[in-house]
Amino acid sequence: MLISCPFCGSRASEEFTVLGDATPRRPETPEADPEAWYDYIYLRNNPRGRHREFWQHVGGCRAWLVVERDTATHEIHTVELARDVARKRDGS
Amino acid sequence: MRYGWHSIVKQAFGGLACVAPAWREPEPKPAYDVVIVGGGGHGLATAYYLAKEHGVANVAVLEKGYLGSGSVGRNTTIVRSNYLLDGNVQFYEKSMQLWEGLEQDFNFNAMVSQRGVLNLYHSDAQRDAYARRGTAMRLHGIDAELLNREGVRALVPFLDFDNARFPIHGGLLQRRGGTVRHDAVAWGYARGADSRGVDLLQNCEVTGISVESGRVTGVETSRGRIACTKLGLATAGNSSRTAAMAGLKLPIESHVLQAFVSEAIKPYLDQVVTYGAGHFYVSQSDKGGLVFGGDIDGYNSYAQRGNLPIVEHVIEAGVAMLPGVSRLRLLRSWGGIMDMSMDGSPIIDKTPVEGLYLNCGWCYGGFKATPASGWCFAHTIARDAPHALNAKFRLDRFRGGRVIDERGGGARPNLH
């Protein structure tokens, strides 16, 4: 599997470390509804098809990325900087 | 037909004309008391024990492909009960005991081979952890022996004992552990269930689950609608997808685990051996090939194939442990899809939907659990309450903080 890092270009997936599903949102405060924490920590949609996940380019620039990958075909659709995704989401 | 010496003699003289198919190919009935989704080891075992232990015979098993085409046909055949934590210890020992009587029970040769499972340790800390595990096992009446270096050398002399980074100091041995012919497990349970009246429906994919006012009423399938009073999901690998049809979101991710087999060689390795310094386990099949595997690929996958980095990683660990295999050729590799649960332990439970039961989250240890999983799931479905052996494998344990985290890895599906 090749992942196209925005800084380093197309690199083999073993240069990266994967840290799972990028869709769960961490609750704002420790005091948030326990159900929200349960959902964030344990529950997953686990789709067959397009899936957004965190990969870090540890063997290169060390940037955190959000990769959209197909879990049935291993095809990679998009690669974005996790920072950009967070800024877009928070509107800053 | 009952298999035994008399049937062998009869067939020897009668040609193969009298060999009957091991199970029927029935048409789906419009309704069943219990429908089990998933014709793998766990689903078939569940149907078998439903009929045999609970007298529930109006049962159908729905399989989207052919029987045993999922993970029961894609694993490394190891059985063991060397667990540490309360809940796991009792459950896996029950499974071990069922393995020991399985062939007599379902009258089918599953090639149960108690050749021993040896876990190597490489440091004082690891030895202490294995001593603790072995003690926990023995407190529950399960066999365990802590071997020193010479004890291991006597069993497996060709390991790399003097590896500069990870010298082998000893191992934890469970002699009752071993291997079982995995396809035969599916076939034996299928045949046993069929002969007790269970309908095994192949090429029957479930596309929807009907729920009316909080209660399951049936399933939509590629072979039409089938009504049922109780519905059991035993669809490991695809549990999130089947549970979602009933509106449930699970603490599970699907990951691929690869396994490998080498070309056949003469008898070489008697036991199942696992490497404590890296993730690697190996045994020799009765055909002579070395069967081995290692870590999951580590990212969500529904593809029944893996990627090359793990192939390299597994083989590096294998050659570090057994340098003598470095010139063997790899015959083939395959990948099975695992339900990785968030604490590394399975779920066998009722669900918030009435009449819907769940059997999932086996991570990559589902094969050894097959008999006890079917046993407990059948009990849970028939009695509408968990058996004492699966009372801790509840779905709500995550919400309540009663996780069973054998590895101590925390809430990470890709760590177990």
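The values are calculated or read from the model by the stated rules, or taken from the named source; none is laboratory data. A quick note: this is a predicted structure, and the numbers were derived from the prediction, not measured. Quick reminder, even Gly has a Cβ in these numbers, built from the backbone with ideal geometry, and neighbours come from all protein chains shown. The protein model used for the area step is the full one, side chains on, heavy atoms only, and it has no ligands, DNA or RNA in it. Shrake-Rupley method; radii C 1.70, N 1.55, O 1.52, S 1.80 Å.
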Q: Would you grab the residues whose amide H sits under 5 Å from the one on A:Ser4? Only those 5+ places off in sequence or on another chain, please, with H modelled 1.01 Å from N.
A: A:Arg11
Q. In terms of modelled amide H atoms, which long-range or inter-chain residues lie less than 5 Å from the amide H of B:Tyr299?
A. B:Val256
Q: Give the Kirkwood hydrodynamic radius (Å, one decimal) of chain B, defined as one over the mean of 1/r across all pairs of different Cα atoms.
A: 22.1
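How much of the accessible area of chain A, in percent, comes from carbon and sulfur atoms when a 1.4 Å probe is used? Before the final figure, lay out each step's value.
Values: 2550 of 5170 Å².
Using a 1.4 Å probe with all protein chains present, chain A comes out at 49 percent carbon and sulfur.
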Q: Order B:Ser254, B:Ser123, B:Ser222, most accessible first, counting only protein heavy atoms with a 1.4 angstrom probe.
A: B:Ser222, B:Ser123, B:Ser254
Q) Once you sort the root eigenvalues of the Cα gyration tensor of region B:35-90 as a ≥ b ≥ c, which label holds: rounded (a/c under 1.5), prolate (a/b larger than b/c) or oblate (the other case)? A) oblate
Q. So what is the relative contact order for region B:102-239, in percent, with contacts set as C-alpha pairs under 8 Å and at least six apart?
A. 24
**Q.** ³J(HN,Hα) computed for each position of region B:180-188 - Karplus, 6.51 cos²θ - 1.76 cosθ + 1.60, integer Hz, glycine/proline x
**A.** 9, 5, 5, 5, 5, 5, 5, 5, x
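Which of rounded, prolate or oblate describes region B:360-416 when judged by the alpha-carbon gyration tensor and an a/c cut-off of 1.5?
It comes out oblate by the Cα gyration axes.
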Q | HN-Hα J in Hz across region B:34-40 - Karplus 6.51, -1.76, 1.60, θ = phi - 60°, x for Gly and Pro | A | 10, 10, 9, 9, x, x, x
Q: Anything losing 30 Å² or more of accessible area from the isolated chain to the full protein assembly: pick those residues out of region A:36-54, probe 1.4 Å, ligands and DNA/RNA ignored.
A: A:Tyr38, A:Tyr42, A:Leu43, A:Arg44, A:Asn45, A:Asn46, A:Arg48
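Any idea what the relative contact order of chain B is, in percent, if you count C-alpha pairs under 8 Å spaced at least 6 apart?
After rounding, I find 22 percent.
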**Q.** Derived scalar couplings ³J(HN,Hα) [region B:249-263; Karplus, 6.51 cos²θ - 1.76 cosθ + 1.60; whole Hz; x for Gly, Pro]
**A.** 10, 10, x, 9, 10, 8, 10, 9, 10, 9, 9, 9, 9, 8, 4
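Estimate for me the total accessible surface buried between chains B and A (protein heavy atoms, probe 1.4 Å, no ligands or nucleic acids), in Å² to the nearest 100. Don't jump to the answer; show the numbers that get you there.
Working: alone 17790 and 6320 Å², together 21840 Å².
What B and A bury together is about 2300 Å².
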Q) Which lysines, on any chain, are close to B:Lys29 with Cα under 23 Å apart, when same-chain ones fewer than 8 places away are left out? A) B:Lys52, B:Lys64, B:Lys230
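When a/c reaches 1.5 or more, the comparison of a/b and b/c decides; with that in mind, is the protein assembly as shown rounded, prolate or oblate per its Cα gyration tensor?
Values: a/c = 1.57, a/b = 1.08, b/c = 1.46.
The shape class here is oblate.
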Q: Mind checking the full-extension length gain between B:Arg149 and B:Ser222? Use 0.36 nm per residue of separation minus the Cα-Cα distance, one decimal, nm.
A: 20.6 nm
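Percent of accessible area on region B:215-342 owned by carbon and sulfur, 1.4 Å probe? Please report the intermediate quantities before stating the final value.
Working: 2520 of 4730 Å².
The C+S portion of the solvent-accessible surface of region B:215-342 is 53 percent.
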Q. On average, how much accessible surface per residue is there in the protein assembly as shown, in Å², for a 1.4 Å probe, leaving out ligands, DNA and RNA?
A. 43
Q) For region B:242-379, how many pairs of lysine residues have a Cα-Cα distance under 26 Å, where the two are 8 or more positions apart or belong to different chains? A) 4
(Q) Give me the residues in region B:296-314 whose solvent-accessible area, probe 1.4 Å, is reduced by at least 50 Å² once all protein chains are included instead of the chain isolated. (A) B:Tyr299, B:Asn300, B:Tyr302, B:Pro309
Q: Could you compute the FRET efficiency for B:Asp286 and B:Met1, with r as their C-beta to C-beta distance and R0 at 25 Å, rounded to 0.05?
A: 0.55
Q. Over the heavy atoms of A:Glu35, what accessible area does a 1.4 Å probe trace out, to the nearest 10 Å²?
A. 80
(Q) Keeping all protein chains in the complex and leaving out DNA, RNA and ligands, what accessible area do you get for B:Trp362 with a 1.4 Å probe, in Å² to the nearest 10? (A) 10
**Q.** Built amide H within the under 5 Å cut-off of B:Gly294, gap 5+
**A.** B:Gln258
Q) When all protein chains stay in place, what accessible area (Å², nearest 10, 1.4 Å probe) is found for B:Arg132? A) 150
(Q) Give me the net charge for the shell around B:Asp33: Cβ to Cβ below 14 angstrom, other residues only, Lys and Arg +1, Asp and Glu -1. (A) +2
Q) Relative contact order for region B:339-416: what is it in percent, counting Cα pairs under 8 Å that are at least 6 residues apart? A) 43
